[in-house]
Every structure is written in C-alpha cells, then in structure tokens.
C-alpha cells in the first residue's frame, strides 16, 4: 500500500510539469515585450493557446491515467499472488504453534493431500519438522536447514523466521504484537540430486594391490618342473576373481599385482569377504606350503585424486604385511577395515631382513649419545628381556642407556633382582617416566620393544619429545601405530621380541656376548611367550635359544626363578575351576585380583592351562584392576584370537592376544566375548 501511494504521488508530480513550464514562458514573454510590443503580443497569444491545450489535456486525461495506474497496481499484485501459488517449490507459512496458515499447490503435492484432507499442524504433514525446530536461537540467524525423507522423496527444508510487525506496514501494524512471528517453510526436492551423487559414488575408482606373501617359500616346497604350473594357477585365480569385479589388473612383478575397480564392485568383494584369500590357499598341486595373499585397497573419500588412493593402498599393504599377511585391508581415509587374517604367520628361515635391520640400528646408534629403551605397560619378561638385550648393545657401543619401567610386576621381579643393587650395573640403569622425560634430548634415540601401539607403551609422552624412534616388535599391527619411526622392525612370525633382539645382537656385535643374567632374562622371555617352546616356535626360535645358551643362559636357573608359589598356584587352579565351556570350543574364565601381585600374569597362565583341556580351541580369561577389565586370549592354531581381540580394540598374535575394556564389569566383559564369538561363528569366521 505504501509503495502504491508513493507511485501515485510521483505520477501526480509528473502531470504538473507542463504547468510549471508556463512560468518560464511568461518570463520569456515579458522579455519579448521589452524588446518589441508587437512580438510580445504574438508570444502572449501562443502562451495562452499552450495553457488552454495543457489544461484541457490535464483535465481530460488525468482520471484515465490514474485509473490505469490503479488497475496496473492491482494486476501486479494479483500476478505476484498467482506466481507464489503456482511456484514449483513447496512453500508454506506456519505460526509459532506449528499451524499451517497458508501454502501453495506444490506444498499440497509434496504432502500427497488436498485442501479438504490437509491437516493443519506441520508435524502431522511432515513428521520430521517438529516444534523444537521453530525455537531458533540468535546464532541460527533466523534460519534453520534440515534434510527429511517423506513420501519416498528426499527434501532439503529451509525454515525462515519472519517478524510480522516489521513485515506489515500501515494502519494494521499497531494491532500486531512484537512476539508475533511466522515461519516460512521451503521444501527443495533433492531426490534426483542424491541419486546422482550416489551413482557417482558407486563409479568412483579405487586402487588396490595384491602381494603373494610367501612366494619363495611356496616355490621351494614344490618340484621345479611344477613351479610354472603353480604360478599359472595363482595368476588364473587372481585374474578370474578380479575380472568378476570388472577390475583392470596388471602383474607388476612375480609376486605383485595392481588393480583398479569401481567402488560398487568393491562392495561386492566385501560382501564375499574377499574369498580370493581362501581360493588361492586351496591350490595344491604338491606344494607343501599353501600360498597366501595380502590384498590392500586405498579409497580417497575426499575427492577424485587417485594418487592419494594409491598412497593409501601402500599404507594398507604395509599394515597387511605387518599383521602377518593372508588378509585384505581397506583404507578409506582414516578408516581401516580388515578381512581374513585367520592363518598363522608362516615361519621364515631367511635372516636377510634381520641382518639389514641390525645394521641400520647400529648405524643409527653410532650417531646418538643417549639411548632410552621402553616396552609396554605392566611389562612381562619378554618386554624386559628384549630391553635388556638392546641395553647390552648400547653398552658395547659405549652409549649411555636407560630402561624405562614404572611398575615391577611379579613376572619380571626375578629378573629385576639380578640387576638392582648389582655392582655390575649402574644405579641409573632403570628410569621411571618422569626421569626419562627429564633425560630425553634431541640427540637421544628411543627404542620401543615388544609393542607397536603408542598408548600401550610405558611412557607415551616420550615419543613426542624426540624424532629418533625405533620400534622392534613381534605383534601384529593395528590401525594405531607409532608414527614417524626412523626404523621399524615388526615381524609377526617371530615367537617373541627376545628372539628378534637375539638375532639383532648376532649381526650388530663382532663377538656377541651377554652376561648370564642378561641371557637368562632373554631366554625366559622366549620361554614364556612360546609356553615352553609349544606355540609359534620355528627354526629361528631354537637358533635364538641356542645363541642365548652359548651366552650363559641356564635352563634350570630360569625354571627355578620363575616357579609359582603355592598361593599363586591355588589361585591359578581356581581360575581353571571357574572356566565355562562356551559353544563346545571356547573356555571363558576369570581370576581374582584381591591379594594378587600381578593379576594379568595370572590370567595369562590360566589361559595357557585351559588350552590343555580337550576340545578347547581358544581360551579367554578376564581380571579387573580398578576400572579396567583385562582379557588374556590364547589359542592353539586354528583360531586367530588376535582377530577376536581386535573387536575390543586389542591385538597381539594369532595364538596370543589381549585387550582392555574400561568401565565394565567382569560379567559384562564375558557377555561381550560371547556376543563376538556368536557373531563370528554365524559369519563363518570361526
């Protein structure tokens, strides 16, 4: 209304312009009279004629012009209203109580209703648009956006707050209360857009790699004349499998392949849980060693940069190999997905890698002045033995070295007693975390043994104080790793960290020699982790034990030092007595913690003993310390407990693994284990 009034005034002024021109003509007429009277009379006649004509036109045409103006104004407003009604975007006005006051035809169509059957409350029409969404805060800028699915369509909903008092002008504005508001609701149909984006996502290219884990070992286990046939069968299996996923695959080396496929076909491979892993293992033409594969796939979820996806596939392959091979790993940004990994890591008789890593470690130590060695929290004898082996190497190279230990558990106390207070070792041989953090400097190398997860280390903060980090471990890698390590030596096939360190010592020192107490500690580490040379014991395990025996390790002395007292033995028996056999194959038990020095060590011993029970394929023993439940998992050979423990954020070996659960009870922990076992058996993973 106000705009129409202003327009009327402007037209009125425009119509008065000819009359204003008469003033100029009269002034001109006066000047002409001063020059010549006759000419002045003539001009006066023409000015009079002009005035008569303008007056006649003004009187006759003004009503018609104003009438046409009003008609145009009304026509313009009607067109606007009609356009809003016919707008293809569903649009409605809603009051503060959620009542629909007005809506256009497109809104009726979106709601699949008509005027007679349309409910008046917005939530009755679209259930996801609630009253809470209308309660806007200042930071919302009077606007809210949400996405809903209604009537098999996807909508992006924009809700805008409208202040009624500021919107209405004129004589009715005084009747409007300040708190009166309306909400304009716009619905934008995104169904086709989302379908197009989903289709685009399906055809996104992913990059993958396939490695034959044990190519050399498999070739050596078969007659030479059949080796080419074995290679051909492996190639055929891999090629046929990848072609079924519409992938392009290329063989790069004798044991390496690269492929690309669409994301939609990768989902098909995931549904089949990468059956290629089992298909290749089934190839048997006389080869004693089954062939295993590692499959790594990289997905760049943030764009179409395939070089990033290729880098992701490399990272995934490093992780697959670090976990022992025979599995598929998918790296989608920061997300990691594992498949397979049920086969135990194959023993490797070659020591080439150990020799290379030993020389690299020696060269690194030459350039550093100080060495800090640490294992995992609540250290066991394998962690301590490996640390002592590295300590001896640092001493031979005349480097200042310290072992970081915060808690002396019952499992390492017999070994620690040989070093604490001994005249052969300095008083600062062992540091706690505070002392280690004070001692570290840019010229210090931190060597982590028997663990590769930063939050499991004895002092995680120490890793942030130096760039010189070395990792030596025999546990399978998980997605959480110690990053930026200058040297990483992770071999899941090894029985223990002490075995790996024993090999490093043989290649790092010209005449490797350990003191008897050091050899005993390392020998005990191998003994405990292999359960007296029963589990994960290969040729190199016995070679490492032989080396330690030559250095002065005494089997009788070690056995005496690590015998169990009668109280602990009774507690161990109690843990075995509490065991329940679940699904005929799995033993689940718990051990007490009150009055026990190291409940986690006791749980590990109970888990080992339960494997001696007939038909038990795996054992799980729990203990609770403060608000944390610790799980010790053990198996003989056909059950990979490391894969099971990964469901709880843990890890370890195929036969020896563990996990930690926070803020739960023992019974809840047992039920979690049962749920995982049920699911894995249902999925065919057990």
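The values are calculated or read from the model by the stated rules, or taken from the named source; none is laboratory data. In this text the structure is predicted, and so the values were computed from the model without any measurement. Ideal geometry is used to build each Cβ from the backbone, glycine not excepted, and the neighbour counts take in all protein chains shown.
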Being assigned to a loop (DSSP other than H, G, I, E, B), in contact with a strand residue (DSSP E or B) (Cβ under 9 Å, 6 or more places away or on another chain), farther than 23 Å from residue 456 by Cα and in contact (Cβ under 8 Å) with a residue 12 or more places away in the chain is the filter here, so list the residues in segment 417-436 that pass it. 419
Which residues, counting only those in segment 156-199, are part of a loop (DSSP other than H, G, I, E, B) and at pLDDT below 60? 168, 169, 170, 171, 172, 176, 177, 178, 179
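Which residue out of 580, 590 is surrounded by fewer than 16 Cβ atoms within 10 Å (Cβ to Cβ) and touching a strand residue (DSSP E or B) at 6+ places or on another chain (Cβ under 9 Å)? If you could, list the steps in order and put the result at the bottom.
Working: 590 fails: surrounded by fewer than 16 Cβ atoms within 10 Å (Cβ to Cβ).
When all the criteria are applied, what remains is 580.
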All positions within segment 310-349 that are assigned to a helix (DSSP H, G or I), buried (at least 21 other Cβ atoms within 10 Å of the Cβ) and at pLDDT 85 or above: 312, 313, 316, 317
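Search segment 353-398 for residues being part of a loop (DSSP other than H, G, I, E, B) and in contact (Cβ under 8 Å) with a residue 12 or more places away in the chain, and hand back the single one that is surrounded by the fewest Cβ atoms within 10 Å (Cβ to Cβ).
Only one residue fits best here, namely 369.
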Selection from segment 399-411 of residues surrounded by 17 or more Cβ atoms within 10 Å (Cβ to Cβ) and not in a loop (DSSP other than H, G, I, E, B) yields 401, 402, 403, 404
Among the listed residues 308, 329, identify the single one that is out of contact with any strand residue (DSSP E or B) (no Cβ under 7 Å at 6 or more places or on another chain) and not assigned by TED's automatic domain parsing to the domain that holds residue 548. 308
Could you grab me the full set of residues in segment 298-309 that are assigned to a helix (DSSP H, G or I), without any contact (Cβ under 8 Å) to a residue 40 or more places away in the chain and either within 19 Å of residue 480 (Cβ to Cβ) or more than 18 Å from the chain's Cα centre (by Cα) (or both)? 307
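Specify the residue that is nearest to the chain's Cα centre (by Cα); the eligible residues are those in segment 523-541 that are closer than 20 Å to residue 608 by Cβ and part of a helix (DSSP H, G or I).
Among them, the one singled out is 529.
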I need the full set of residues from segment 593-608 which are without any contact (Cβ under 8 Å) to a residue 60 or more places away in the chain, within 36 Å of the chain's Cα centre (by Cα) and surrounded by fewer than 22 Cβ atoms within 10 Å (Cβ to Cβ), in order please. 593
Which numbered condition residue 637 misses (of (1) within 21 Å of residue 491 (Cβ to Cβ); (2) under 28 Å from the mean Cα position of the chain (by Cα)): (2)
Please count how many residues of segment 547-562 are over 18 Å from residue 388 (Cα atoms) and under 44 Å from the mean Cα position of the chain (by Cα). 0
Quick one: residue 414 ticks every box in (1) part of a helix (DSSP H, G or I); (2) over 41 Å from the mean Cα position of the chain (by Cα); (3) surrounded by fewer than 16 Cβ atoms within 10 Å (Cβ to Cβ) bar one, so which box is it? (3)
With the requirement that a residue be in a helix (DSSP H, G or I) and surrounded by fewer than 12 Cβ atoms within 10 Å (Cβ to Cβ), what does segment 551-572 give you? 556, 560, 566, 567, 570
Residues of segment 257-281 that turn out to be closer than 17 Å to residue 310 by Cα and either exposed (fewer than 15 other Cβ atoms within 10 Å of the Cβ) or under 25 Å from the mean Cα position of the chain (by Cα) (or both), as a count: 7
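Does residue 657 satisfy the criteria of being within 33 Å of the chain's Cα centre (by Cα), buried (at least 23 other Cβ atoms within 10 Å of the Cβ) and free of Cβ contacts under 8 Å to residues at least 60 places away in the same chain?
Yes, satisfied.
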Scan segment 460-480 residue by residue and report those that are part of a loop (DSSP other than H, G, I, E, B) and either touching a residue at least 40 places away in the same chain (Cβ under 8 Å) or under 19 Å from residue 641 (Cβ atoms) (or both). 468, 474, 475, 476, 477, 478, 479, 480
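Listed here are the residues, each with its yes/no results for (1) surrounded by 12 or more Cβ atoms within 10 Å (Cβ to Cβ); (2) modelled with pLDDT of 65 or more; (3) under 30 Å from residue 127 (Cβ atoms); (4) not assigned by TED's automatic domain parsing to the domain that holds residue 130.
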residue: 8; (1), (2), (3), (4): yes, no, no, yes
residue: 35; (1), (2), (3), (4): no, yes, no, yes
residue: 49; (1), (2), (3), (4): no, yes, no, yes
residue: 98; (1), (2), (3), (4): yes, yes, yes, no
residue: 102; (1), (2), (3), (4): yes, yes, yes, no
Which numbered condition in (1) part of a loop (DSSP other than H, G, I, E, B); (2) farther than 20 Å from residue 321 by Cβ; (3) under 21 Å from the mean Cα position of the chain (by Cα) is the only one that residue 286 fails? (3)
Taking the condition of being more than 18 Å from residue 585 (Cβ to Cβ) and surrounded by fewer than 18 Cβ atoms within 10 Å (Cβ to Cβ), how many residues in segment 631-654 meet it? 1
Pick out the one residue from 471, 445, 440 that is touching a strand residue (DSSP E or B) at 6+ places or on another chain (Cβ under 8 Å), at pLDDT 90 or above and farther than 27 Å from residue 330 by Cα. 445
